[in-house]
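Please read the structure below before turning to the comments.
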Amino acid sequence: MKGDFNNKRIDSVSRVVHASPQSIYKVFLDPIAWSVWLPPKGMKGKMYEFDASDGGFYHMILTYDEPDNLTQGKTTKDTDEIKGRFLKFIPNKRVVQLVEFESDNPIYAGEMMMTWSLTAVSKGTQVSIVCENVPKGIRKEDHEVGLASTLENLEDYMEGKLTLN
């Protein structure tokens with residue numbers, strides 16, 4: 001694993017999504033769905049490679065709708081290029097992946113582990129994201145807002161309110 005091994009920061013968020021774990025798990029296996037629901041509000045995504053299997057990978061570029069001086073991309077002024085590797089799929093329960101931002105800036109270097117957990121609850125599924133070894137350049141507050149936005153997008157996608165443009 002690359003990066004700063006002393007960076008133990010963990011960011012996490014969760015949300016109840018009104019859909020079954022089985023339905024939600026299916027969208028984790030679909031690259032088109034990922035490009036719709038994964039980008040936080042204010043960004044668009046494009047998937048270039050995607051292999052949803054243990055040891056598989058993906059390559060995605062997130063583009064800011066309106067970059068400004070406060071919000072800049074990690075790869076270029078208006079983009080975040082992400083390369084991920086899937087470590088484990090537990091059907092209808094968990095997806096574990098390593099995510100690395102393509103950046104010349106060392107504060108974004110390293111691999112961040114993301115664990116997505118799906119737990120059935122009375123009103124749907126509790127979807128939790130735990131991010132370990134978060135790069136120092138990503139402010140905790142911004143990251144948690146972005147992760148929460150992604151979960152809101154996931155719920156909207158599952159309810160048919162968010163579709164590929």
State the extension gain, in nm to one decimal, for the chain segment bounded by residue 139 and residue 16, taking 0.36 nm per residue of separation less the distance between their alpha-carbons. 41.8 nm
Report, in listed order, any pair from 41/123; 26/93; 88/136 with a Cα-Cα distance greater than 21 Å. 41/123; 88/136
Relative contact order for the range 69-165: what percent, with Cα pairs under 8 Å and sequence separation of 6 or more? 17
Value of relative contact order over the chain, rounded to a whole percent, pairs C-alpha under 8 Å and six or more apart: 30
Could you tell me how many degrees, from 0 to 90 and to the nearest 10, lie between the Cα long axis of helix 140-158 and the main elongation axis, the longest principal axis, of the Cα atoms of the chain? 30
If each residue's Cβ is checked for other Cβ atoms within 10 Å, how do 18, 143 rank with the fewest at the top? 18, 143
Extended-chain gain in nm, criterion 0.36 nm per residue less alpha-carbon gap, residue 29 and residue 159: 45.0 nm
As an exercise, take the mean of 1/r over every pair of distinct alpha carbons in the chain, invert it, and state the Kirkwood radius in angstroms. 16.0
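Read the figures in this text as sums done on the coordinates, not as results from a lab. What you are looking at is a predicted structure, and each value in this text was computed from that prediction instead of being measured. Positions of Cβ are generated from backbone atoms using ideal geometry, with glycine treated the same way; all protein chains shown enter the neighbour counts.
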